[in-house]
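The values are calculated or read from the model by the stated rules, or taken from the named source; none is laboratory data. Not measured: the values here are computed from a predicted model. Cβ coordinates were reconstructed from backbone atoms using ideal geometry, including for glycine residues, and neighbour counts include every protein chain displayed.
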Amino acid sequence: MGELGELGELGELELLQGNQEKHISLLKNFVSGGVGGACLLFVGHPLDTIKVRLQTQPRVPSQDVLYKGAYDCFLKTVSKEGLLGLYKGMGAPLASVAPMMAISFFGFGLGKQLLQPDSTKTLMPTQLFLSGCLAGVFTTVIVCPGERVKCLLQVQASGGQQAVRYAGPLDCALKLYKTQGIRSIYKGTTLTLIRDVPSNGAYFMAYDFLKHKMTAEGESVSQLSTPKILLCGGIAGICNWIVGLPPDVLKTNFQTAPDGRYRGTGLVDVLRELLRDEGPRALYKGSNAVFLRAFPANAACFLGYELALECLNWLAPTW
Ligand SMILES: CC(=O)O[C@H](CC(=O)[O-])C[N+](C)(C)C
């Protein structure tokens with residue numbers, strides 16, 4: 001510690017170089033990120049459905065809520081709609097999550113290269129955070145429409161009081177487009193940016209930082225064991241949602257609200273309404289389901305990413 005303390009930040013950077021990996025090619029990042037995204041979706045979608053249903057269930061004072069919590073929502077969904085009910089609305093994210101994660105890992109890789117062109121140097125946490133933020137800007141272009149369609153389908157309970165309006169993701173996207181054009185498909189863009197820019201920063205910073213911390217001296221970060229990758233990925237997922245959940249609640253409510261209910265970006269109106277009706281706790285609505293999902297889904301995501309990267313490095317070592 002004494003030696004590090006005397007050397008200061010710069011010295012610490014240089015001492016850490018021993019376990020530093022070279023910059024990963026942007027194409028490999030893109031492809032492996034896509035594989036990670038598919039793993040994330042398969043493990044995480046059922047809990048995402050529960051999260052969206054909990055976040056959007058109407059609360060009428062003096063009336064019992066439909067779902068008392070994550071477990072109750074799980075039981076009611078499975079008994080009414082079967083296991084497939086939990087995979088409802090998966091078509092849209094399947095077409096958007098894998099590409100979104102591909103763009104996300106690409107954006108993070110690009111951010112790292114821009115902020116630290118010397119691949120032998122370890123990035124500081126703030127540089128990792130900013131690189132992650134860049135990923136969040138890139139991904140909003142496809143995340144916003146994907147989430148709009150996904151959330152509308154998830155809250156549409158089959159056989160419930162709400163009429164079934166959309167037959168599937170494509171039908172939903174077409175109906176939105178026909179009624180109000182591209183603006184309707186991109187409803188919630190500002191709230192998606194408010195959620196995804198800082199949460200991507202926290203996500204990638206946590207993963208990269210922990211990966212380096214868990215790598216023993218003299219070893220390479222690319223040789224981290226599977227349990228350690230799962231742990232780093234799971235914690236990164238939790239960090240992502242600690243930052244992203246409050247804006248996510250606002251975004252989900254805004255994107256699923258009837259047209260014209262809120263003004264402008266929805267930020268002020270939805271926030272005011274939620275605080276008035278349910279208090280500050282409303283901003284962490286559905287948190288049980290979110291955090292239950294975040295660890296395994298993101299552990300699977302980073303494991304899928306690292307395995308795909310290893311495969312690509314084996315297939316094309318010189319890329
Ligand atoms: C909001 C979101 O989709 O977060 C992703 C992880 C998750 O739990 O879905 C990760 N990322 C921040 C890269 C979008």
### Query
Of the residues that make up region 239-246, is at least one away from the ligand (no atom under 11 Å from the Cβ), in a loop (DSSP other than H, G, I, E, B) and not aliphatic (A, V, I, L, M)?
no
### Message
Being surrounded by fewer than 18 Cβ atoms within 10 Å (Cβ to Cβ), within 23 Å of the chain's Cα centre (by Cα), under 19 Å from F42 (Cβ atoms) and not acidic (D, E) is the requirement here; does P296 meet it?
### Response
yes
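Can you tell me which residue among L152, L86 is under 21 Å from S287 (Cα atoms) and touching a Pro at 6+ places or on another chain (Cβ under 6 Å)?
On the way: L152 fails: touching a Pro at 6+ places or on another chain (Cβ under 6 Å).
Exactly one of L152, L86 is under 21 Å from S287 (Cα atoms) and touching a Pro at 6+ places or on another chain (Cβ under 6 Å), namely L86.
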### Task
Look at region 264-309 and say how many of its residues are touching a residue at least 60 places away in the same chain (Cβ under 8 Å), assigned to a helix (DSSP H, G or I) and out of contact with any Phe, Trp or Tyr (no Cβ under 7 Å at 6 or more places or on another chain).
20
### Task
Could you identify the single residue in S158, S104 that is within 14 Å of the ligand (Cβ to nearest atom), among the hydroxyl-bearing types (S, T, Y) and either more than 18 Å from P198 (Cα to Cα) or at pLDDT 95 or above (or both)?
S104
### Query
Within the set of pairs 6+ apart or on separate chains, which have a first residue in region 104-127 that is within 13 Å of H23 (Cβ to Cβ) and free of Cβ contacts under 8 Å to residues at least 60 places away in the same chain, a second that is among the basic types (K, R) and not in a helix (DSSP H, G or I), and C-beta atoms under 9 Å apart?
none
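When you scan region 112-120, do you find a residue that is farther than 30 Å from G279 by Cα and within 16 Å of the ligand (Cβ to nearest atom), even just one?
Within region 112-120 (the criterion being farther than 30 Å from G279 by Cα and within 16 Å of the ligand (Cβ to nearest atom)), the answer is yes, since at least one residue qualifies.
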### Task
Could you grab me the full set of residues in region 198-214 that are surrounded by 21 or more Cβ atoms within 10 Å (Cβ to Cβ) and touching a Leu at 6+ places or on another chain (Cβ under 9 Å)?
S199, N200, G201, F204, M205, A206, Y207, D208, K211
### Query
Mind checking which residues of region 161-179 are exposed (fewer than 12 other Cβ atoms within 10 Å of the Cβ) and under 16 Å from T256 (Cβ atoms)?
Q161, Q162, A163, V164, R165, T179
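Filter region 65-96 down to the residues that are within 16 Å of the ligand (Cβ to nearest atom) and touching a Lys or Arg at 6+ places or on another chain (Cβ under 9 Å), then identify the one that is modelled with the highest pLDDT. Break it down into steps so the answer makes sense when it comes.
First, pick out the residues of region 65-96 that are within 16 Å of the ligand (Cβ to nearest atom): 70, 86-87, 89-90, 92-96.
Pick out the ones that are also touching a Lys or Arg at 6+ places or on another chain (Cβ under 9 Å) and you get 70, 89-90, 92-93, 96.
Details: A70: 85, G89: 74, M90: 77, A92: 67, P93: 71, S96: 74.
Here the answer is A70.
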